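K.L.:
Next up is a structure, given as structure tokens.
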Amino acid sequence: MNLLKKLKEDIRFIEGLNACINCGTCTAVCPAASVSDYDPRIMIDSVQKANEFSIIEILMSNTIWYCGECLSCKTRCPRGNTPGYVIQALRALSIDSGLFIESEQGQKQLAIKRTVGDHILEYGYCVFIDEIDTEMYPEQGPIWDWLKENKESVLARLGANYNKAGSGTLRLTSEESLNDLRAIFKETGANERFRKIEEYSALKAKEMGISFTKGKDDYFKTLYNE
Amino acid sequence: MITSKHYIMNNSIKENNRNKSWETYQKDIADDNYYFARSCIRQNFFPAAEELFLKIISKELGKDIFDDERQTTCTGIAYHSGVIPFETTMTVVARQFALMTEAGYENFVCSCVTSFGIYTEVLETWKHNPSKEQEIRESLKRATGKTFQIPKNLVHTSDLIYKFREEILSKSKFRLLNKLNGEPLRIVDHIGCHYAKIFPDKGIGGAEFPYVLAGMIDSWGGSQVDYPERRHCCGFGFRQYLLKSNRGYSISNSKIKFDSMAPYKPDLIIANCPGCTFFLDRWQYVIAEMEGKTYGENGYGIPVLTYEELAGLLLGYNPWDIGLQLHQVSVESLLDKLGVNYNPLEKYKGLNGEDLGKPEMPNVLKCY
């Protein structure tokens, strides 16, 4: 696979990178740069060099996974670049090429796929109340435990249509709508990306000697928690 | 030497620039007939907020708004986390537009700032790349048989509350005034990055001086808190929050904001984006439990509301019927300042007054 050629075909890359002047404004405003080992200026500069080997290094690194996609960089870049868009193209290529499993952060994409990714096709939304508990999300706090314990009564009081057909908050998304989403995922490459995440992750889990099946298996828990 | 004259002149120039910026970034918001799209986060974490919004628009303001049972996510959280391709997101968005078209609407309003960014990004991409729009039209047709019209008007739900803020004020029972001392309430507004940082000309006031929430504060009698980290991200970070191992990113960024706003002693935070509302509420709880630090008065937190929750309170809705008991930071300090007459015994009741017991109290953060 010619990675550089593929990267240059990605519309997010085309729209994200014009010519970087290395001013560092993106790094100055970047929330990720303030809390992790991430520097969008250096990342963009490396990509701009257009060297196949440096692209491989980037795709195998943790760096591309630290961005929080707030896109503050888009507002501020004096040359109209968007490092956050370039990151999207690099992440897509890292998964497509299988290189994502070479970094700790890249490996974690399995846990994201098995939560928000799979939720879309099961519930019609990225998030659903039944999948959230204070073991996985302790910051939800005791109020969430109270809501979960009493969800039928509380949600009915608040006018939600929890798990029922029709319109409304937290309704049951119809099979017809879910089938549309499934067909779109198949048509536009999301199923293929999901398949690659699962297959490469299975290989990595085997190499690491961690049990790999489905859902919240040992490999998922390792990636999610550690 | 800087004199008071210079200071006044500088402030005047600053104010002039700000006003000019607001004029530049005015936004066309349709008067009526909206197709409504729900949020993944808002309907789960603030499960009364969207019904309240629909009530305000339809019952209080008499507008037509359609809540379609066939709608779905826009996929924004998954897209920004890198697990689904942009082509998938564009085609799901195209399906939402097709549902709007089938229902006979032209004005699209979404209840999530991330979604607003996604819909805007898709339309801008198609504008720059017409062949991409054609490709997505063909993908949608093959996958679902659907076709669509591009919305004539695309706005965020807060844009509607902003547009009708004076009408809401005229029906309101309360103002953003502290009954205890007669002063305007000090209010922090948090806009959410994807409202205007991606496409500044699509947000009221742009990215520099977003006015969508500030306009509500001004109209309803409150006082804006202009603190140093006002425009900083709440720290969602998509994949960073979604993984327990990466959540330090999220809480660290929220903490930057809390520490920056604390000296101004805000009475209330209002947030534009469902995710931001959640993080600014829950990270106060976590910081209290981890570090013993609280940001509100007397060991409580600073209440955090969505804009429709605030509008609902001012309109006189019972706080426990609009879900304010589901915030981890208690809202009672705000209710007392506004002069809202509430019954503490109703707070944790279920349907038809069912007694559901009380949630556990945090160890550090004081709650009612």
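K.L.:
Looking at segment A:106-116, is at least one residue within 7 Å of chain B (Cβ to nearest Cβ) and closer than 16 Å to B:Gly275 by Cα?
P.N.:
Pass one, segment A:106-116, residues within 7 Å of chain B (Cβ to nearest Cβ): A:108-109, A:111-113, A:115-116.
Add one more test, that the residue is closer than 16 Å to B:Gly275 by Cα, and what stays is A:116.
Yes, there is a match, as at least one residue in segment A:106-116 is within 7 Å of chain B (Cβ to nearest Cβ) and closer than 16 Å to B:Gly275 by Cα.
K.L.:
Could you name every one of the helices (runs of 4 or more DSSP H) located completely within segment B:99-186 that has at least 3 residues being out of contact with any Leu (no Cβ under 9 Å at 6 or more places or on another chain) and within 14 Å of chain A (Cβ to nearest Cβ)? Even if it seems obvious, please write down each step before you answer.
P.N.:
Numbers: elements: B:113-128, B:130-144, B:157-163, B:165-171.
Fully inside segment B:99-186 and qualifying: B:113-128, B:130-144.
K.L.:
Here is a follow-up. Tell me which of these B:Pro210 doesn't satisfy, since it passes every other one: (1) buried (at least 24 other Cβ atoms within 10 Å of the Cβ); (2) more than 10 Å from chain A (Cβ to nearest Cβ); (3) not in a loop (DSSP other than H, G, I, E, B).
P.N.:
Against the list (1) buried (at least 24 other Cβ atoms within 10 Å of the Cβ); (2) more than 10 Å from chain A (Cβ to nearest Cβ); (3) not in a loop (DSSP other than H, G, I, E, B), B:Pro210 comes up short only on (3).
K.L.:
Can you tell me which residue within segment B:349-368, out of those that are away from chain A (no Cβ under 11 Å) and in contact (Cβ under 8 Å) with a residue 40 or more places away in the chain, is nearest to B:Ser172 (Cα to Cα)?
P.N.:
Going residue by residue through segment B:349-368, those that are away from chain A (no Cβ under 11 Å) are B:364, B:366, B:368.
Subsequent filtering for residues that are in contact (Cβ under 8 Å) with a residue 40 or more places away in the chain retains B:364, B:366.
Values: B:Val364: 35, B:Lys366: 30 Å.
Of everything passing the filter in segment B:349-368, B:Lys366 is nearest to B:Ser172 (Cα to Cα).
K.L.:
Can you find a residue in segment A:149-159 that is open to solvent by 40 Å² or more (accessible area, probe 1.4 Å), closer than 30 Å to B:Ser330 by Cα and in contact with an Asp or Glu (Cβ under 7 Å, 6 or more places away or on another chain)?
P.N.:
Yes - at least one qualifying residue is present in segment A:149-159.
K.L.:
Anything in segment A:52-71 that is touching a residue at least 24 places away in the same chain (Cβ under 8 Å) and open to solvent by 10 Å² or more (accessible area, probe 1.4 Å)? List them, or say none. Before you say what the answer is, go through the steps one by one.
P.N.:
Residues of segment A:52-71 touching a residue at least 24 places away in the same chain (Cβ under 8 Å): A:52, A:55-56, A:58-68, A:70.
Listed by number, the residues that qualify are A:Glu52, A:Ile56, A:Ile58, A:Met60, A:Ser61, A:Asn62, A:Thr63, A:Tyr66, A:Cys67, A:Cys70.
K.L.:
Can you tell me which condition B:Ser260 does not meet? The list is (1) open to solvent by 30 Å² or more (accessible area, probe 1.4 Å); (2) touching a Pro at 6+ places or on another chain (Cβ under 6 Å), and all the others hold.
P.N.:
(1)
K.L.:
Which residues, taken from segment B:58-98, are assigned to a helix (DSSP H, G or I), facing another protein chain (nearest Cβ under 7 Å) and more than 19 Å from the chain's Cα centre (by Cα)?
P.N.:
Here is the first cut: in segment B:58-98, the ones assigned to a helix (DSSP H, G or I) are B:58-60, B:76-80, B:86-98.
Subsequent filtering for residues that are facing another protein chain (nearest Cβ under 7 Å) retains B:77-78, B:80, B:86-88, B:91-92, B:95.
Of everything in segment B:58-98, those that are assigned to a helix (DSSP H, G or I), facing another protein chain (nearest Cβ under 7 Å) and more than 19 Å from the chain's Cα centre (by Cα) turn out to be B:Ala78, B:Phe86, B:Glu87, B:Thr88, B:Thr91, B:Val92, B:Arg95.
K.L.:
Another question, if that's okay. For segment A:191-226, which positions are without any contact (Cβ under 8 Å) to a residue 60 or more places away in the chain and either within 7 Å of chain B (Cβ to nearest Cβ) or at positive phi (or both)?
P.N.:
A:Gly209, A:Asn225, A:Glu226
K.L.:
Tell me yes or no: at least one residue of segment B:326-348 is within 11 Å of chain A (Cβ to nearest Cβ), within 25 Å of the chain's Cα centre (by Cα) and in a helix (DSSP H, G or I).
P.N.:
yes
K.L.:
Filter segment B:241-257 down to the residues that are part of a loop (DSSP other than H, G, I, E, B) and either surrounded by 22 or more Cβ atoms within 10 Å (Cβ to Cβ) or modelled with pLDDT under 95 (or both) and list them by number.
P.N.:
Just the residues of segment B:241-257 that are part of a loop (DSSP other than H, G, I, E, B), to begin with: B:243, B:247.
Correct list: B:Leu243 only.
K.L.:
Let me ask something else. Checking B:Pro47 against (1) on the phi > 0 side of the Ramachandran plot; (2) buried (at least 19 other Cβ atoms within 10 Å of the Cβ), which single condition isn't satisfied?
P.N.:
(1)
K.L.:
Which residues, counting only those in segment A:81-96, are part of a loop (DSSP other than H, G, I, E, B) and closer than 17 Å to A:Ala50 by Cβ? Step through it out loud before you land on a result.
P.N.:
Start the filter on segment A:81-96 by keeping residues that are part of a loop (DSSP other than H, G, I, E, B), which leaves A:81-82.
Across segment A:81-96, the qualifying residue is only A:Asn81.
K.L.:
Here's a follow-up. Residue by residue through segment A:117-127, note down the ones that are within 7 Å of chain B (Cβ to nearest Cβ) and either within 18 Å of A:Lys214 (Cα to Cα) or open to solvent by less than 10 Å² (accessible area, probe 1.4 Å) (or both).
P.N.:
Within segment A:117-127, the subset within 7 Å of chain B (Cβ to nearest Cβ) is A:117, A:120, A:124-127.
Those that are within 7 Å of chain B (Cβ to nearest Cβ) and either within 18 Å of A:Lys214 (Cα to Cα) or open to solvent by less than 10 Å² (accessible area, probe 1.4 Å) (or both): A:Gly117, A:Ile120, A:Gly124, A:Tyr125, A:Cys126.
K.L.:
Looking at B:Gly312, B:Gly296, B:Gly323, B:Gly301, which is the one that is away from chain A (no Cβ under 14 Å) and either under 19 Å from A:Leu158 (Cβ atoms) or of a type in the set (Gly, Ala, Ser) (or both)? Steps first, answer last, please.
P.N.:
Values: B:Gly312 fails: away from chain A (no Cβ under 14 Å); B:Gly323 fails: away from chain A (no Cβ under 14 Å); B:Gly301 fails: away from chain A (no Cβ under 14 Å).
That would be B:Gly296, the only listed residue that is away from chain A (no Cβ under 14 Å) and either under 19 Å from A:Leu158 (Cβ atoms) or of a type in the set (Gly, Ala, Ser) (or both).
K.L.:
Among the candidates B:Leu314, B:Leu326, single out the residue that is surrounded by fewer than 24 Cβ atoms within 10 Å (Cβ to Cβ) and in contact with a Phe, Trp or Tyr (Cβ under 6 Å, 6 or more places away or on another chain). Break it down into steps so the answer makes sense when it comes.
P.N.:
On the way: B:Leu326 fails: in contact with a Phe, Trp or Tyr (Cβ under 6 Å, 6 or more places away or on another chain).
Residue meeting the stated conditions: B:Leu314.
K.L.:
Out of B:Ile198, B:Ile217, which single residue is part of a loop (DSSP other than H, G, I, E, B) and either open to solvent by 20 Å² or more (accessible area, probe 1.4 Å) or outside the structural domain of B:Ser115 (by TED's automatic domain parsing) (or both)? Give the steps one after another, and end with the answer.
P.N.:
Working: B:Ile217 fails: part of a loop (DSSP other than H, G, I, E, B).
Just a single option satisfies the conditions, and that option is B:Ile198.
The values are calculated or read from the model by the stated rules, or taken from the named source; none is laboratory data. Model, not experiment: these values are computed from the prediction. Because the Cβ atoms are built from the backbone with ideal geometry, glycine has one as well, and the counts that use them run over all protein chains shown. Only protein heavy atoms, including side chains, enter the accessible area calculation; ligands, DNA and RNA are left aside. Shrake-Rupley method; radii C 1.70, N 1.55, O 1.52, S 1.80 Å.
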